[in-house]
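*Asks:* Pasting in a structure now, in structure tokens, and then I'll have a few things to ask.
The values are calculated or read from the model by the stated rules, or taken from the named source; none is laboratory data. What you see is a predicted model; the values in this text were computed from it and never measured. With ideal geometry, Cβ positions are generated from the backbone for all residues, glycine too; neighbour counts draw on all protein chains shown. Side chains included, ligands, DNA and RNA excluded: accessible areas come from the protein's heavy atoms. Shrake-Rupley method; radii C 1.70, N 1.55, O 1.52, S 1.80 Å.
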There are 2 protein chains.
Amino acid sequence: MEALKRTCAWLHAHYPEIPILLDAKRGDMENTNEAYARAIFDYYEADAVTVHPYLGAKALAPFLDRPAKTSFVLCRTSNPDSAELQELEVAGGPLYLKIARLAAGPEWNRHGNVGLVTGATYPTDLGRIRAVAPNLPLLVPGIGAQGGELEPVLNYGLDATGEGIIISASRSIIYASSGPDFAEAARREAAHLAQAMQQGQQEVMEKRRKF
Amino acid sequence: MEALKRTCAWLHAHYPEIPILLDAKRGDMENTNEAYARAIFDYYEADAVTVHPYLGAKALAPFLDRPAKTSFVLCRTSNPDSAELQELEVAGGPLYLKIARLAAGPEWNRHGNVGLVTGATYPTDLGRIRAVAPNLPLLVPGIGAQGGELEPVLNYGLDATGEGIIISASRSIIYASSGPDFAEAARREAAHLAQAMQQGQQEVMEKRRKF
């Protein structure tokens, strides 16, 4: 906890333009979420968090009622077999799509600060989510160690302005090398991915302009 | 974290017969859950934990594959408006009941160590859960501060042997007094609830024997 606190403080001091997202997957009762929100947003001074939807919008109020902070709701997670619950059929569509609709709706997104977590490992589902939540930022893990591909993610996930997705890679960067060059290797891997993202984004937007 | 560690150690040393359940509501990817399971079961030496079902059984494997530990899956939570997602209709029944069925089934409960969280605030739902999961231990929060009543919980929740529910009260006990008598007041409140539980259990089982 101390290392995390120091890391967040260092990042804010040196790179104030980079938002800090704690992938904490919180999801408790309202009174407990109140304490979690204070810890994450006030103590660690994170800018965003990931949350479980299962207890509903009212329980999540302490996160959602922070207009200056973003809460990314778990929607279609990148792990294998995440379909078990997430693709259960509710009202003619999969559960994850119902959650995307709720999260984009006027109750959950009353402050315009809700996002969705949708894995790169299921790119066509990402497209279905983008269709029902055209303006929500999408947090997209699963590129790198989990095997998700960049091109379909950009193709399905970029919003009308060519923005709106945050691609996250963890293990492929922090474990890029286990030797003494680990820092340099991580930097190289991150720069490589950043460049690929930028190039892919341009290609997708060019293609869209043509059709 | 240090206070929690010391509390767990003290409880194990002085009351080894009392299981420790960390209501941590964990629910991450498999590799992260692996670290959470180590923290909860090995570092804190807790006997049980609460988990979110949304990522599915495979992601929860690090919890489920601890035969000597119990994982209570969030099913029908006690908070207001928990129906928003939990009562969504899937395959002819509410989502929470589908989760109860999965949790009781051969994949999730492969080691016979799965339980369900089902709030005292929705006692008839507790009865429906008991019907599809006749042998699972039910963790029942919501008695006390949240206004759940004991009698319907025992009536709907006790299994065929008159056991199988763990009733949890937190705020009504730990906040029983904010004066210098807080410890004595908490003890009194806990003893009072324990007695009411025991008496209610006897009454329910007597009634069952008659019909």
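*Asks:* So how many residues does the stretch A:165-211 have that are among the hydroxyl-bearing types (Ser, Thr, Tyr) and in a helix (DSSP H, G or I)? So that I can check it myself, show each step before the final result.
*Replies:* Here is the first cut: in the stretch A:165-211, the ones among the hydroxyl-bearing types (Ser, Thr, Tyr) are A:168, A:170, A:172, A:175, A:177-178.
Cutting the leftovers down to in a helix (DSSP H, G or I) gives us A:172.
Residues meeting the conditions: 1.
*Asks:* Within the group B:ALA3, B:ALA83, which residue is more than 8 Å from chain A (Cβ to nearest Cβ), surrounded by fewer than 23 Cβ atoms within 10 Å (Cβ to Cβ) and over 16 Å from the mean Cα position of the chain (by Cα)?
*Replies:* After ruling out the rest, the residue left standing is B:ALA3.
*Asks:* Every residue in the stretch B:7-32 that is outside any loop (DSSP other than H, G, I, E, B) and away from chain A (no Cβ under 14 Å), please.
*Replies:* At the first step, the residues of the stretch B:7-32 found to be outside any loop (DSSP other than H, G, I, E, B) are B:7-14, B:21-26, B:30-32.
Correct list: B:THR7, B:CYS8, B:ALA9, B:TRP10, B:LEU11, B:HIS12, B:ALA13, B:HIS14, B:LEU21.
*Asks:* Further question: Restricting to the stretch A:77-93, count the residues that are charged (D, E, K, R) and either under 16 Å from B:ASN33 (Cα atoms) or assigned to a loop (DSSP other than H, G, I, E, B) (or both).
*Replies:* Restricting attention to the stretch A:77-93, the residues satisfying the condition of being charged (D, E, K, R) are A:81, A:84, A:87, A:89.
Then keep just the ones that are either under 16 Å from B:ASN33 (Cα atoms) or assigned to a loop (DSSP other than H, G, I, E, B) (or both); that gives A:81, A:87.
Of the residues in that region, 2 qualify.
*Asks:* For B:GLY27, all conditions in the list (1) closer than 30 Å to A:LEU102 by Cβ; (2) open to solvent by 70 Å² or more (accessible area, probe 1.4 Å) hold save one; what is the number of the exception?
*Replies:* Unmet for B:GLY27, out of (1) closer than 30 Å to A:LEU102 by Cβ; (2) open to solvent by 70 Å² or more (accessible area, probe 1.4 Å): (2).
*Asks:* Please list, ordered by first then second residue, the pairs with beta carbon atoms under 7 Å, 6 or more apart or interchain, first in the stretch B:143-159 and without any contact (Cβ under 8 Å) to a residue 60 or more places away in the chain, second open to solvent by 30 Å² or more (accessible area, probe 1.4 Å) and assigned to a loop (DSSP other than H, G, I, E, B).
*Replies:* B:GLY147/B:THR121; B:ASP159/B:PRO134; B:ASP159/B:ASN135
Yes or no, residue by residue, for (1) of a type in the set (Asp, Glu); (2) within 21 Å of A:GLU149 (Cβ to Cβ); (3) open to solvent by 70 Å² or more (accessible area, probe 1.4 Å):
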residue: A:ILE165; (1), (2), (3): no, yes, no
residue: A:SER178; (1), (2), (3): no, no, yes
residue: A:PHE182; (1), (2), (3): no, no, yes
residue: A:ARG187; (1), (2), (3): no, no, yes
residue: A:ALA190; (1), (2), (3): no, yes, no
residue: A:LEU193; (1), (2), (3): no, yes, no
residue: A:GLY200; (1), (2), (3): no, yes, no
residue: A:LYS207; (1), (2), (3): no, yes, yes
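*Asks:* Going through the stretch B:39-56 one residue at a time, which ones are free of Cβ contacts under 8 Å to residues at least 12 places away in the same chain and open to solvent by 40 Å² or more (accessible area, probe 1.4 Å)? Walk me through how you get there before you give the answer.
*Replies:* Here is the first cut: in the stretch B:39-56, the ones free of Cβ contacts under 8 Å to residues at least 12 places away in the same chain are B:39, B:42, B:56.
If the condition is that a residue be free of Cβ contacts under 8 Å to residues at least 12 places away in the same chain and open to solvent by 40 Å² or more (accessible area, probe 1.4 Å), then B:ASP42 is the only one that fits.
*Asks:* Sticking with this one: Would you check if A:ALA131 is surrounded by fewer than 18 Cβ atoms within 10 Å (Cβ to Cβ) and among the hydrophobic types (A, V, I, L, M, F, W, C)? Give the derivation first.
*Replies:* On the way: surrounded by fewer than 18 Cβ atoms within 10 Å (Cβ to Cβ): yes; among the hydrophobic types (A, V, I, L, M, F, W, C): yes.
Considered against the rule, which asks whether it is surrounded by fewer than 18 Cβ atoms within 10 Å (Cβ to Cβ) and among the hydrophobic types (A, V, I, L, M, F, W, C), A:ALA131 comes out as yes.
*Asks:* Identify all residues within the stretch A:70-126 that are at positive phi and charged (D, E, K, R); write none if there are none.
*Replies:* Of the stretch A:70-126, the ones at positive phi are A:81, A:91-92, A:112.
Of everything in the stretch A:70-126, just one residue is at positive phi and charged (D, E, K, R), namely A:ASP81.
*Asks:* Sticking with this one: Looking only at the stretch A:57-80, count every residue that is more than 11 Å from chain B (Cβ to nearest Cβ) and of a type in the set (Ser, Thr, Tyr) and tell me the total. Break it down stepwise before answering.
*Replies:* Step one: filter the stretch A:57-80 for residues more than 11 Å from chain B (Cβ to nearest Cβ), giving A:62-72.
With of a type in the set (Ser, Thr, Tyr) added as a condition, the list becomes A:70-71.
Result for the stretch A:57-80: 2.
*Asks:* Being more than 10 Å from chain A (Cβ to nearest Cβ), open to solvent by 10 Å² or more (accessible area, probe 1.4 Å) and not basic (Lys, Arg) is the requirement here; does B:ALA91 meet it? I'd like the intermediate steps shown before the answer.
*Replies:* Details: more than 10 Å from chain A (Cβ to nearest Cβ): no; open to solvent by 10 Å² or more (accessible area, probe 1.4 Å): yes; not basic (Lys, Arg): yes.
Criteria not met by B:ALA91.
*Asks:* Tell me, which residue of the stretch A:41-56 that is part of a loop (DSSP other than H, G, I, E, B) and more than 21 Å from B:LEU74 (Cα to Cα) is nearest to the other protein chains (Cβ to nearest Cβ)? Spell out the reasoning first.
*Replies:* Within the stretch A:41-56, the first condition is being part of a loop (DSSP other than H, G, I, E, B), and the residues that meet it are A:44-47, A:52-56.
Keeping just the survivors that are more than 21 Å from B:LEU74 (Cα to Cα) gives A:44-47.
Details: A:TYR44: 15, A:GLU45: 20, A:ALA46: 17, A:ASP47: 20 Å.
Among those residues, the one meeting the criterion is A:TYR44.
*Asks:* I would also like to ask the following. Just wondering, is there one or more residues in the stretch B:165-179 that are touching a residue at least 12 places away in the same chain (Cβ under 8 Å), in contact with a helix residue (DSSP H, G or I) (Cβ under 7 Å, 6 or more places away or on another chain) and farther than 29 Å from A:GLU30 by Cβ? Before you say what the answer is, go through the steps one by one.
*Replies:* Step one: list which residues in the stretch B:165-179 are touching a residue at least 12 places away in the same chain (Cβ under 8 Å), which gives B:165-176.
Of the ones still in play, those that are also in contact with a helix residue (DSSP H, G or I) (Cβ under 7 Å, 6 or more places away or on another chain) are B:165, B:167, B:169, B:172-174, B:176.
Cutting the leftovers down to farther than 29 Å from A:GLU30 by Cβ gives us none.
Within the stretch B:165-179, none of the residues are touching a residue at least 12 places away in the same chain (Cβ under 8 Å), in contact with a helix residue (DSSP H, G or I) (Cβ under 7 Å, 6 or more places away or on another chain) and farther than 29 Å from A:GLU30 by Cβ.
*Asks:* Filter the stretch B:57-76 for residues that are of a type outside the set (Gly, Ala, Ser) and in a loop (DSSP other than H, G, I, E, B) and give the result. Let's see the steps before the verdict.
*Replies:* Narrowing the stretch B:57-76 to residues of a type outside the set (Gly, Ala, Ser): B:58, B:60, B:62-67, B:69-70, B:72-76.
Passing the criteria: B:LYS58, B:LEU60, B:ASP65, B:ARG66, B:PRO67, B:LYS69.
*Asks:* Restricting to the stretch B:94-115, what's the tally of residues that are more than 12 Å from chain A (Cβ to nearest Cβ), surrounded by fewer than 23 Cβ atoms within 10 Å (Cβ to Cβ) and outside any helix (DSSP H, G or I)? Break it down stepwise before answering.
*Replies:* Restricting attention to the stretch B:94-115, the residues satisfying the condition of being more than 12 Å from chain A (Cβ to nearest Cβ) are B:100, B:104, B:106, B:109-115.
Narrowing further to those that are surrounded by fewer than 23 Cβ atoms within 10 Å (Cβ to Cβ): B:104, B:106, B:109-113.
Those still in the list that are outside any helix (DSSP H, G or I) too: B:106, B:109-113.
Matching residues across the stretch B:94-115 total 6.
*Asks:* Sticking with this structure for a sec: For the stretch B:57-82, name all the residues that are free of Cβ contacts under 8 Å to residues at least 40 places away in the same chain and charged (D, E, K, R).
*Replies:* If the condition is that a residue be free of Cβ contacts under 8 Å to residues at least 40 places away in the same chain and charged (D, E, K, R), then B:LYS58, B:ASP81 are the ones that fit.
*Asks:* Consider B:THR32 carefully, then state whether it is buried (at least 17 other Cβ atoms within 10 Å of the Cβ), out of contact with any Ser or Thr (no Cβ under 9 Å at 6 or more places or on another chain) and polar (S, T, N, Q). Even if it seems obvious, please write down each step before you answer.
*Replies:* Numbers: buried (at least 17 other Cβ atoms within 10 Å of the Cβ): yes; out of contact with any Ser or Thr (no Cβ under 9 Å at 6 or more places or on another chain): yes; polar (S, T, N, Q): yes.
So B:THR32 passes the test.
*Asks:* Turning to a different aspect of this structure: Which of (1) part of a helix (DSSP H, G or I); (2) more than 24 Å from B:ALA59 (Cβ to Cβ) does B:ARG38 not meet, given it meets every other one?
*Replies:* Result: B:ARG38 passes all but (2).
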